[in-house]
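Undergrad: This is the structure, below, for whatever I ask next.
The values are calculated or read from the model by the stated rules, or taken from the named source; none is laboratory data. What you are looking at is a predicted structure, and each value in this text was computed from that prediction instead of being measured. Please note: Cβ atoms are built from the backbone with ideal geometry, for glycine as well, and neighbour counts cover all protein chains shown. What goes into the accessible areas is simple: the full protein's heavy atoms, side chains included, and nothing from ligands, DNA or RNA. Shrake-Rupley method; radii C 1.70, N 1.55, O 1.52, S 1.80 Å.
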Amino acid sequence: MSFVADGIARRIHRERVLLAGWGRAILLQIAHPAVARGVAEHSAFMTEPGGRLRRLRRTLDAMLTLTFGTDDEALAVAGRINAIHDRVHGTLDAGPDGAPVGPSYSAHDPALLAWVHATLLDSFLLTYRLFVGPLSGSEADRYCVETSRIEPRLGIPSGRLPRAEAELREYVEAMLESGAIEVTETARSLAREIIAPPAPRALAPLVGLAALPSVGLLPAAIREAYRFPWDDRRARALRVLAATVRGGLPLVPPRLRYWSVARRAARRARPA
């Protein structure tokens, strides 16, 4: 189930700069109370030193393997994702005695999987257009079609994921307006670790720079619900950052610009 060699998904996912959109995607994901609860209860994200980086690395490796790996490698990764999801389930609340109460959640829930998928697609399209270059509507539609092929591997009902950018936007907007998306205190606690992770003082400017797209590209209502500060000065800084990256990216050598797994896949695809 790896993607076709000349597909738009490979063209988008090969860019290292796409990392600028990961923070936004994660913040949107945990704005769903069930996703936030699952991460807080079943992830080393906040409890272990380096947990944030390890989780990002595992998620990134999975996406890159699904995109650029062989069919066998992609199948193995999907199996590992499902095995992790087997352990992620619980309830949204706990009673006074700590006993689970309230609605239940499961990482296998197609509704949650669809939300996580949509936040990634929406964030990657936005980030690519801002930091790399334009994408036509037909290219964005092809991207949705190609990435929807993950459905059978993760047990998502056929046709559940969007096949066009308009469908993607309608779905995200409907979710934001439905009341299903609510930034809880659990989400805010997780968000602080995403936006301002512990780091040496010398790295503080880099942490602040990385936070610009994560916060600035969020829908305004979600940004306000997280209580992130945002103003004209920060908006200008994000525009300058994006323009600088977009202008300089063509000058970056491929070995630095693209992920190594993407470069290996490109070499495999060349005629012998």
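Undergrad: From the phi of every residue in the stretch 149-165, what ³J(HN,Hα) in whole Hz does the Karplus formula 6.51 cos²θ - 1.76 cosθ + 1.60 yield, where θ is phi - 60° and glycine or proline is x?
TA: After applying 6.51 cos²θ - 1.76 cosθ + 1.60, I find 5, 6, 3, x, 5, 9, x, 8, x, 4, x, 6, 8, x, 10, 8, 5 Hz.
Undergrad: Count charges around HIS89 for me, please; just the other residues with Cβ under 14 Å from its Cβ, Lys/Arg as +1, Asp/Glu as -1.
TA: Summing Lys/Arg as +1 and Asp/Glu as -1 gives -1.
Undergrad: Additional query: Taking H placed 1.01 Å from N in the peptide plane, check which residues at least 5 places from THR91 or on another chain put their amide H under 5 Å from its amide H.
TA: TYR105
Undergrad: Same structure, new question: Can you work out the accessible area per residue across the stretch 142-271, with the rest of the protein chains kept in place, probe 1.4 Å, in square angstrom?
TA: 60 Å²
Undergrad: In addition: Place the peptides 137-146, 209-218, 80-89 in order of packing, highest mean first, counting for every residue the other Cβ atoms within 10 Å and averaging per peptide.
TA: Those peptides, ordered most packed to least, come out 209-218, 137-146, 80-89.
Undergrad: Additional query: Report, to one decimal in Å, the Kirkwood hydrodynamic radius for the stretch 163-204 based on all distinct Cα pairs.
TA: 13.0 Å
Undergrad: OK, next. Going by average Cβ neighbours within 10 Å, how do the peptides 149-158, 118-127 rank, with the highest at the top?
TA: Sorting 149-158, 118-127 by mean packing, highest first, produces 118-127, 149-158.
Undergrad: Name the residue from LEU218, SER178, ALA204 whose Cα lies farthest towards the positive end of the charge dipole of the stretch 169-223, charges +1 on Cβ of Lys and Arg and -1 on Cβ of Asp and Glu.
TA: Of the candidates, ALA204 comes out farthest on the positive side.
Undergrad: Given N residues in the chain, what is Rg(Cα) / (2.2 N^0.38 Å)?
TA: The value comes to 1.01.
Undergrad: Place a +1 charge on the Cβ of each Lys and Arg in the stretch 198-267 and a -1 charge on the Cβ of each Asp and Glu, then give the dipole magnitude about the Cα centre in debye, rounded to the nearest 20.
TA: 420 debye
Undergrad: Let me ask something additional. Can I get the semi-axes of the stretch 121-272's equivalent ellipsoid? Compute them from the C-alpha gyration tensor as square roots of 5 times the eigenvalues, in angstrom, largest first.
TA: After diagonalising the Cα gyration tensor, the semi-axes are 28, 25, 16 Å.
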